[in-house]
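S.K.: Take a look at this one; I'll ask things after.
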Amino acid sequence: MSTTAGSRAVRGAHVKKARGPRAEALWGYAFIAPTGLGLAIFYLWPVLQTAYFSFTEWGAFGGHTWVGLENYARLLGDPEVGRAVLNTLTYTGLGLIGIPMAIVFAALLNRPGLRGVSVYRTAFFLPVVTMPVAVAMLWRWLYNGDYGLINQVLATVGINGPNWIADPATAMYALVVVGIWSSIGYNLIIFLAGMQAIPKELYEAAGLDGAGRVKQFFAITLPMLSPTAFFVSIVSVIGSLQLFDLVFVMTGSGQIARANPAYARLQTVVQLFYERAFVTNDRGYAAAIVIALLLLIAALTILQFRLQRRWVHYV
């Protein structure tokens, strides 16, 4: 009798052990289900739907027909697509200048005993929390060739400033300045957090060996900060490749934008997608454009992950 009761107890213990991990897994799936469902509905499904639409042609009054790879063949031979990709890559490459600038500013704010650090952080971070439309409208006024503040200041010293956004020679650089200005605060906060995570003992040991602040910055701060710089570079490249709002507000759309002499230097891939999808109603071709952009983002991200082995130092 006792043997039977003991065997039952052993079997019960095994059942409880088996149910434990299974129950934990079910609770885990239950907790992530809302987020997973939201991602599937609002992110994954639109991507799959857009990929399907990229193989179709839309009529003027709705409805679509399957055309296979026709949109992609048209995309490869469209000079406007090539120009938009080149503009987007140029903006992305020039925008990376903001990363070393953010590192320098973060190092200056990380100095021990510096007063008003919270004020400086707030000042740098304000453009990040400002709506992109408001930022674009502000800089559009600053860049105005007739009554803009920048040209007014230049006129006081006898310099006749250009119409920054309408001049092909200055339009892209003016746009990059706005992009760096609006994102440097976000990068600075991340770099500042990364610097504060570096062990103080390393700086103390380097100081005992006679290394000055500059030597410590290049020998300790930069190598230890490389994983943070890698993360910031990934986020910056992905964000720059999706540039739309700044260009749209500063140049307009449709005939208004094309009247700008510098429009060919400012048109981005996302802006071209918007025009094809919502202005000319060529939605199948627009879907092919945005899918090509998705593949470009994926390719550059994979390239960055491969190159990070050469310069990122993980402790």
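S.K.: Within the bounds of segment 199-214, is there any residue that is of a type in the set (Gly, Ala, Ser) and in contact (Cβ under 8 Å) with a residue 24 or more places away in the chain?
M.R.: Checked against the condition, which is being of a type in the set (Gly, Ala, Ser) and in contact (Cβ under 8 Å) with a residue 24 or more places away in the chain, segment 199-214 yields no hits at all.
S.K.: List every residue pair whose Cβ atoms lie under 9 Å apart, where the two residues are 6 or more positions apart in sequence or sit on different chains, the first residue falls within segment 298-314 and is within 17 Å of Pro223 (Cα to Cα), and the second residue, located anywhere, is open to solvent by 60 Å² or more (accessible area, probe 1.4 Å) and among the aromatic types (Phe, Trp, Tyr).
M.R.: Pairs that qualify, where the first residue is within 17 Å of Pro223 (Cα to Cα) and the partner is open to solvent by 60 Å² or more (accessible area, probe 1.4 Å) and among the aromatic types (Phe, Trp, Tyr): there are none.
S.K.: Please pick out the residue among Phe218, Phe244 that is within 29 Å of Trp139 (Cα to Cα) and not polar (S, T, N, Q). Steps first, answer last, please.
M.R.: Numbers: Phe218 fails: within 29 Å of Trp139 (Cα to Cα).
Just one listed residue meets the conditions, Phe244.
S.K.: Let me ask something additional. Out of all the residues in segment 182-204, which are under 16 Å from the mean Cα position of the chain (by Cα), over 11 Å from Ala106 (Cβ atoms) and surrounded by fewer than 18 Cβ atoms within 10 Å (Cβ to Cβ)?
M.R.: Within segment 182-204, none qualify.
S.K.: For Val214, are the conditions met, namely being buried (at least 20 other Cβ atoms within 10 Å of the Cβ) and among the aliphatic types (A, V, I, L, M)?
M.R.: Here the answer is no, as Val214 does not meet what is asked.
S.K.: Among the residues of segment 132-154, which ones are over 14 Å from Phe248 (Cβ atoms) and charged (D, E, K, R)?
M.R.: Across segment 132-154, the qualifying residue is only Asp146.
S.K.: Any idea which of Ala286, Ala259 is open to solvent by less than 30 Å² (accessible area, probe 1.4 Å) and farther than 30 Å from Asn110 by Cβ?
M.R.: Ala286
S.K.: Which of (1) surrounded by 15 or more Cβ atoms within 10 Å (Cβ to Cβ); (2) without any contact (Cβ under 8 Å) to a residue 24 or more places away in the chain; (3) more than 30 Å from Thr56 (Cβ to Cβ) is the odd one out, the single condition Leu225 does not satisfy?
M.R.: Here Leu225 meets the rest and fails (2).
S.K.: Take Val117 and decide whether it is modelled with pLDDT of 90 or more, over 27 Å from Pro261 (Cα atoms) and of a type in the set (Val, Ile, Thr).
M.R.: It is false that Val117 is modelled with pLDDT of 90 or more, over 27 Å from Pro261 (Cα atoms) and of a type in the set (Val, Ile, Thr).
The values are calculated or read from the model by the stated rules, or taken from the named source; none is laboratory data. Computed from a predicted model, the values in this text were never measured in an experiment. We place every Cβ from the backbone using ideal geometry, glycine too, and count neighbours over all the protein chains shown. Only protein heavy atoms, including side chains, enter the accessible area calculation; ligands, DNA and RNA are left aside. Shrake-Rupley method; radii C 1.70, N 1.55, O 1.52, S 1.80 Å.
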